[in-house]
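Here the structure is laid out as structure tokens; the discussion comes afterwards.
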Amino acid sequence: MGDQDSGKSLAVDVNTGGVSRDQVNHQEETSEFVSLRPKSLREYIGQAEVIETLAIAIEAALQRKEPPDHILFHGPPGLGKTTLAYIIAEEMGVNITVTSGPALEKGGDLLGILTHLEEGDVLFVDEMHRLPRVVEEFLYPAMEEFAVDFIFDKGVHARSHRYRLERFVLVGATTRAGSLSAPLRERFGIFRTLDFYCEDDLVRIAKRSAAILDVKIDTDGAHEIARRSRGTPRIVNRLLKRVRDFTQVRGTGIIDKDTVHKALELEGVDEKGLTILDRKLLRAIIDFYKGGPVGIEAIAATLQEESDTLVDMVEPYLLKMGLLTRTSAGRKVTEQAYRHFGLSVQQGLFG
Ligand code: ADE
């Protein structure tokens, strides 16, 4: 344990490229997306069971005056993993330090961060599944015993030194729970999956965000945005801003169903919420692979996209919508996908 670099010294550079530290209570708003984020559990819409789990864990920890167990969130992008990490820090009244798996290259990168944490602080690590092995092993004693072991010198002169840390809470996020090693997964006391949001919750989020952005929206308009947001609050907020621009310049200033139709047609978002990339993926399977089954790498090559992008960002919603299936032989489109394009399976095969 402990790579060679981590032995150099405590003065190891913090990998500032991937790290930001926020005093949550005085957090600067850097973008509108941030300002649309709920800042407390009470404000949070949807994911009721996850919110209840967190509320109990936080209240119990506050009563005991100790940090809660480490928490791992799993789920597709845009469903609130980062937002929840900020909320946990806010509710606990502590700082949050934000980094991600790929930003941590060596044990020393993590050491620099860990030694700067204060009692109870939240360390948020996004993309946990991309944490290098050497950093992961460095993390084990930090999570379990609030200590890190590092080695000075090499060979016969090698000496191990144990450095004590303040108790902190690690909040991890991953789009691929299956890619996390079992020892790492088991060190999280709380492990919750965030699922796609239902339409009613997305409508409430659209209305809340519209109020914050000070734009008028009617109920039909909110439903229309919700239906086209792929079950994802981040997409609700992104589409809402595009529709707001549209109605300000080309519309009446009020977001209704008709405005949403027109604005999102321009964005290439169809009535099911499918984007250009979603449709390209489905059409590639239909047009080039007779509907599948076909391996993800072949699809990625056809579309000239990274297979990780397709697996993490595109496929989950297509699977949920029943437009795509995964079989041991590869991906297949469903009959419903053919129908979405106005094709029959026969046309798809022979057309
Ligand atoms: N904005 C983005 N996600 C949200 C959520 N879950 N609740 C309220 N507002 C949000």
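Rolling a 1.4 angstrom probe over the protein heavy atoms with all chains in place gives the range 10-193 an accessible area of 46 Å² per residue.
Only Lys, Arg, Asp and Glu carry charge here, each on its Cβ (+1 for the first two, -1 for the last two); on that basis the chain has a dipole of about 860 debye about its Cα centre.
Sorting 334-343, 303-312 by their mean Cβ neighbour count within 10 Å, with the most densely packed peptide first, gives 334-343, 303-312. Summary of packing: across the peptides 111-117, 207-213, the per-residue average of other C-beta atoms within 10 Å ranks them, highest first, as 111-117, 207-213.
Considering Cα pairs under 8 angstrom that are at least six residues apart, work out the relative contact order of the chain and quote it in whole percent. Working shown, then result.
Details: 583 pairs, mean separation 57.1, N = 351.
Over the chain, the number comes to 16 percent.
Which residues does the label zone of Lys257 cover in the range 210-241, counting backbone N under 18 Å from a point 7 Å along Cα→Cβ? Counting only backbone N, you get 217-229.
Note on the chain: with neighbouring protein chains present and a 1.4 Å probe, carbon and sulfur make up 48 percent of its accessible heavy-atom surface. Once the mean 1/r over all distinct Cα pairs of the range 276-350 is inverted, what Kirkwood radius in angstroms do you read off? Computed over the range 276-350, the radius equals 12.0 Å.
Among beta bridges from DSSP that stay inside the chain, the antiparallel ones total about 45%.
The values are calculated or read from the model by the stated rules, or taken from the named source; none is laboratory data. Just so we're clear, the structure is a prediction, and the values are computed from it rather than from any experiment. So basically every Cβ, Gly included, is an ideal-geometry build from the backbone, and we count neighbours across all protein chains shown. With ligands, DNA and RNA removed, areas are computed over all heavy atoms of the protein, side chains included. Shrake-Rupley method; radii C 1.70, N 1.55, O 1.52, S 1.80 Å.
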